[in-house]
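Where a number appears in this text, it was derived from the coordinates with a stated rule and is not lab data. Keep in mind that this is a model prediction, so the values were computed, not measured. Please note: Cβ atoms are built from the backbone with ideal geometry, for glycine as well, and neighbour counts cover all protein chains shown.
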Amino acid sequence: MNMTFEELAGLPESSEEIKRIGLPVYLYGMGNGGEKVLKWCADRGIKVEGVFASDDFVRGQSFCGYEVMRLSQAEEMAGEMTVLLGFGTCLPEIMERIDSIEAKHPLFAPDVPVAGDTAFSKERFFADIKRAERVYKRLADEQSKRVFMGLNAYKITGKLAYLREIFTDSEKPSPLLELGSDEIYCDLGAYNGDTVLQTVRATGGCKKIYALEPEKRNFQKCLKNCAGIDNTELINAAAWSCDTVLDFAGGAGRQARLEKNAGKRIAARSLDSVLNGRAASYIKYDVEGADIPALEGSAYTIKNYRPKLCCALYHRCYDHIDIPLYIDELWDGYKFYMRQQTYYPAWETELIAVP
């Protein structure tokens, strides 16, 4: 049964619940995600007492001024405590470890952005509730509506239980796309070629593939991994709203991203420029926070050819609202489906749009 917007309004926001519980707060995890959770706490007046990591990661290191402890050390020091999750994972053994910690201690996974600085806010969500209601009404099946409402419940509360209720794993690419061997496929954010390979395996081959990847080491891996695939054009550039040069941050991981004043300069292309008026039948977007600009750079193609779309919805905290509404402005004939892969926190959320 779907949660209602009225029920969402009654849910406690994570920061207020953490304060209400009143236990010492400890961060679980390090890295970029941990830094963002620490900032989230500082912005909301939540004091973090310490940081712990899995036993196999603790090597006497420090993180943001905290000595990194093992869980057992944190428990011995604090006794009862509230735990904040500061990293993402889809590994079953790590997710089970998180579940076991949640069984012992109040645990929250604040919805901080993968890209940008704007974290989710219940107040902001309800101040512009009509946009969320528009997305909900446009979703094509009950599973999508459950995902959308469960996702919002998680974002408000930070509780992983709402995510576990909406995990909807399926093969990739989604069967909802009904892909065939005649696809003209555009992969925006091709990484090391993994999604190109997935699509080729699913279809038996494509009529034409265009793949854009900005990070040089990822691009070299993409070249190597896709070397045997016919009719493939690989482009070392970021997907953007126009052809330009942009600042770029990060290494060869999945979270390499566009970022102002980052020091590294890369080429950026609009898909419309790459295609130069030619058709596309399927476009995948996974561009680490540049999703709306990449869609803007595909506007001609979407309006004129109405390709099937698969869009990541988790880089920015309101992508699950902003991206469907932007696509709807380009062409209002799409059927929208929303799916949530098994992941802590709410990463790997996908929008499937089919004409």
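Amide H neighbours of K264 under 5 Å, at least 5 residues apart or on other chains, H built in the peptide plane: list them.
Sorted by chain and number, the residues that satisfy this are F248.
Around R97, under 13 Å between beta carbons, what's the net of Lys plus Arg minus Asp minus Glu among the other residues?
Surrounding charge for R97 is -4.
Remind me, relative contact order of segment 5-164 in percent, using alpha carbon pairs under 8 angstrom and six or more residues apart?
That works out to 26 percent.
How far, in degrees from 0 to 90, does helix 129-138 lean away from the longest principal axis of the Cα atoms of the chain, to the nearest 10?
Tilt of helix 129-138: around 50 degrees.
Where does helix 319-330 land angle-wise versus the long Cα axis of the chain, in degrees 0 to 90, nearest 10?
So the inclination is approximately 20 degrees.
For segment 175-312, just say rounded, prolate or oblate: build the C-alpha gyration tensor, square-root its eigenvalues into a ≥ b ≥ c, call rounded for a/c under 1.5, and beyond that prolate if a/b exceeds b/c, oblate if not.
Note, shape of segment 175-312 comes out oblate.
Helix 194-203 versus the longest principal axis of the chain: what angle, 0 to 90°, nearest 10, using Cα atoms?
Between helix and principal axis, roughly 50 degrees.
Let a ≥ b ≥ c be the square roots of the eigenvalues of the Cα gyration tensor of segment 105-163; is it rounded (a/c under 1.5), or, if not, prolate (a/b larger than b/c) or oblate?
The shape class here is oblate.
In percent, what relative contact order does segment 158-313 have, based on Cα pairs under 8 Å that are 6 or more apart in sequence?
Normalised by residue count, the contact order of segment 158-313 is 22 percent.
If you take the square roots of the eigenvalues of the alpha-carbon gyration tensor of the chain and sort them as a ≥ b ≥ c, do you get rounded (a/c under 1.5), prolate (a/b over b/c) or oblate?
Here the chain falls in the prolate category.
Report the extension gain between D182 and D43 in nm, rounded to one decimal, defined as 0.36 nm multiplied by the number of residues separating them, less their alpha carbon distance.
Length difference between fully extended and current span is 45.0 nm.
Where the only charges are on Cβ atoms (+1 Lys, Arg; -1 Asp, Glu), what is the dipole of segment 284-326 about its Cα centre, to the nearest 20 debye?
With Lys and Arg at +1 and Asp and Glu at -1, about 280 debye.
Tell me the label-point distance for the pair R97, R265, using the 7 Å Cα-to-Cβ offset, in nm and rounded to one decimal.
Label at R97, label at R265, 4.3 nm between them.
Could I have the simple spin-label model distance between E6 and D55, label points 7 Å from Cα toward Cβ, reported in nm to one decimal?
Distance between label points: 5.0 nm.
Say a paramagnetic label sat at a point 7 Å from the Cα of K104, along Cα to Cβ; which residues of segment 60-96 have their backbone N under 18 Å from it?
68-86, 93-96
Using modelled backbone amide H atoms (1.01 Å from N, in-plane), which distant-in-sequence or interchain residues come within less than 5 Å of A238's amide H?
HN-HN under 5 Å from A238: A267, A268, R269.
Looking at the chain, send over the antiparallel percent of its DSSP beta bridges, to the nearest 5.
Percentage antiparallel, nearest 5: 35.
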